[in-house]
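Novice: Got a structure for you, written out below as structure tokens; questions coming shortly.
All of the numbers you see were taken from the coordinates with simple rules; none came from a lab. Worth saying up front: this structure is predicted, and the values here are computed from it rather than measured. Note that each Cβ is placed from the backbone with ideal geometry, even for glycine, and that neighbours are counted across all protein chains shown.
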Amino acid sequence: MSGEHERAAAPRERLDRHRILVAAVAMIDESGLGELSMRSLGRSLGVEAMALYRYVPSRESLLDGVVELVVDEMYADPLMHLLPEDDWQDYVVRLAHGVRRLALRHPQVFPLVATRPPAAPWVRPPLRSLHWIESFLAGLLSHRFTEQQAVDAYQAVSSFLLGHLLLEISAMGVDVVAVEENGTTGQEPDPGAAVGSYPVLLRLAPLLAAGHFADEFDASLANLLHRIAPGAATQG
């Protein structure tokens, strides 16, 4: 009798936003985004779906939180540096490999990282963290990059990572096209509010907002032609 009473009185693990997001990431990793719903997530946590809305007011908020949680895993990666030290190239290589490790660890989540509406219209996936973007730009500026060169580097690295990693996880069988039919929250984010504590991002916002996709495409294509030219592998 006392044993039954103790079992009945055993406290349930406290529900909070972090626990909900961790469970959502685990469900997407295991079964894919299509299986995630507030009802199925609540069932996995042992609560009614309505209990989740106190912490994640909508499915859109839930998906934004999933992206934030996964991207934040990069802060715990010991092989990555938040700021370039002596070698900016080593920093970019470490950053690129860190994002790739993230994509391969969460291949079912990565399309969300690539497609969710950003905190500001000039933030490019997959480097969705404003903290990481700030450090990237500030670090390159500290290595004698001009502001335009730092922005160009950020945009080029983002495009390279996004294209390569979406192709790689697609080869693993992940559906990278039909991520979400409803990809907007119905409320435009406020870029000023998003970047208020990031002075470099605020200063470079006009450069970041200027879209030069045609120029980027041509530059990347020219670089590709140089790399695949006969004898290129033996040069240098």
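Novice: How many angstrom lie between the C-alpha centres of segment 65-97 and segment 111-141?
Specialist: 12 Å
Novice: Near Trp88, within a Cβ-to-Cβ distance under 13 Å, what is the net charge of the other residues, with Lys and Arg +1 and Asp and Glu -1?
Specialist: -2
Novice: A follow-up question, please. How much net charge surrounds Gln149 when only other residues with a Cβ under 15 Å from its Cβ are counted (Lys, Arg +1; Asp, Glu -1)?
Specialist: Every neighbour counted, the sum reads -2.
Novice: Determine, at each q value in 0.11, 0.16 (inverse angstroms), the log₁₀ of I(q)/I(0) that the Debye formula gives when each Cα of segment 31-178 is one equal point scatterer.
Specialist: Debye output, listed in q order: -0.48, -0.90.
Novice: Quick one: what are the phi-derived ³J(HN,Hα) couplings along segment 153-160, Karplus 6.51/-1.76/1.60 with θ = phi - 60°, whole Hz, x for glycine and proline?
Specialist: 5, 4, 5, 5, 5, 4, 5, 4
Novice: On to the next question. For a protection proxy built on the mean count of beta-carbon atoms within 10 angstrom, sort 137-148, 60-71 highest first, please.
Specialist: So the order, starting with the most tightly packed, is 60-71, 137-148.
Novice: So what is the diffusion coefficient of segment 97-168 in µm² per second by Stokes-Einstein at 4 °C and 1.567 mPa s, using a Kirkwood Rh over Cα pairs? Mind dumping the intermediate values first?
Specialist: Working: Rh = 12.7 Å.
Estimated diffusion coefficient is 102 µm²/s.
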